[in-house]
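One structure is given below, encoded as structure tokens.
The values are calculated or read from the model by the stated rules, or taken from the named source; none is laboratory data. Remember, it's a predicted structure, so these values are computed and weren't measured experimentally. Cβ: placed from backbone, ideal geometry, glycine included. Neighbour counts: every protein chain shown. Accessible surface is based on the protein model in full, side chains and every heavy atom, while ligands, DNA and RNA are left aside. Shrake-Rupley method; radii C 1.70, N 1.55, O 1.52, S 1.80 Å.
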Amino acid sequence: MLSRTADNLYWLARYMERAETAARFLEVGGRIALLPNVGQGNRNEWDALLMAMGTADAFKRKYGDAVQRNLESHLFFDHDNPFSVANCITRARENGRIVRTALTTQVWDALNSAFQELRALERLPRSELTLTRLTDWTMRAAALVRGAIDASQLRNDGYDFLNIGYHLERADNTARLLDVKYYVLLPRIDFVGSGLDNYQWSTLLRALSVHRAFHWAYGGEVTAAKIAHFLILNRQCPRALITCIEGANHHLDRLSRGYGRTTPAQTAVRCLLEELSETNTELVFDEGLHEFLTRFIRDVSALGGRMGDSYLSGDQR
């Protein structure tokens, strides 16, 4: 496969997963904002989302106050924001158009339909667009594209590049969503384990669409330790960090066998998988959840760079 084709497939998948995550960030903020503001947090919920996404400075320069309407504009409609739903779906569709012959009709139809529906949403008055409508539409559109890929794409190297893109983006995004909790930590230790604290953890599970799965796996009360294990180390969780890295490792191994060579990307993903396999929640909390997640995000970014050096062409986008 031409490296340019691989590059477009890889980024198509990353952009679609990133669009879905932007919607999940909005859902987290919307759910937590339903709680009465009693002045117990050290930041408001929308500030927390921006800090975790790393776009707080850009948002403040353009919008000023972190209120819900501005966040909806920033995370859904703003084409200047590289993490917005509109920007990501537009870029995913463009990547798909460039490599149209590498995609099945079903995948292209799902991708192009998402783009056309997005344009229709952008033409509607904002008063008609509730937060729930925006987030539900985004997650449904992303699921249709991913389902079409799984159902119809040939299991060749193109399929591997698509899945590596999905797994790396999901790993990064799960870590960022989990890190939102750090940015809304309560200033007093006696609030840890309170009803408000547990509500915020439950909100995170719902935003990741794993609330029911969590209770199937653990049952009983929601605790920080259980959620950290579920979203970091539990291989049964489809969004857990270790599940994502195992997926990336699997598809990189397929590429290695198919191309008959090992690259620095394989070495990097194996090191990251080995580190996750050997850790536990006690070690994570000893290091500090925020510190662990920040380091993981940095490692995933470095792995993406090695992917670009090993298989893709041009500047990373």
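Things to note:
- What segment 194-245 shows is 40 Å² of accessible area per residue, with the surface traced by a 1.4 Å probe over protein heavy atoms.
- Look at the dipole of the chain built from charges on Cβ: of 127, 58, 237, the Cα furthest out on the positive end belongs to 127.
- Using all pairs of distinct alpha-carbon atoms, the Kirkwood hydrodynamic radius of the chain works out to 20.2 angstrom.
- Here the Karplus relation 6.51 cos²θ - 1.76 cosθ + 1.60, evaluated at θ = phi - 60°, turns the backbone of segment 73-80 into coupling constants of 4, 5, 8, 10, 9, 6, 6, 7 Hz, with x for every Gly and Pro.
- Accessible carbon and sulfur surface of segment 93-170 relative to its total accessible area, %, 1.4 Å: 50
- Segment 86-144 - charge dipole about Cα centre, Lys and Arg +1 at Cβ, Asp and Glu -1, debye rounded to 20: 140
- Burial ranking of peptide ranges 219-232, 60-73, 124-137 (average Cβ count within 10 Å, highest at the top): 219-232, 60-73, 124-137
- Once the 1.4 Å probe is applied to the protein heavy atoms, segment 31-169 comes out at 48 Å² accessible per residue.
- Other-chain or far-sequence residues with amide H under 5 Å of residue 55's (modelled H): none
- Karplus (6.51, -1.76, 1.60) ³J(HN,Hα), θ = phi - 60°, over segment 152-168, in Hz, Gly and Pro reported as x: 10, 6, 5, 7, 10, 5, x, 4, 5, 5, 4, 6, 4, x, 4, 5, 5
- Label zone (residue 279, point 7 Å along Cα-to-C-beta; backbone nitrogen cut-off 18 Å) within segment 10-31: none.
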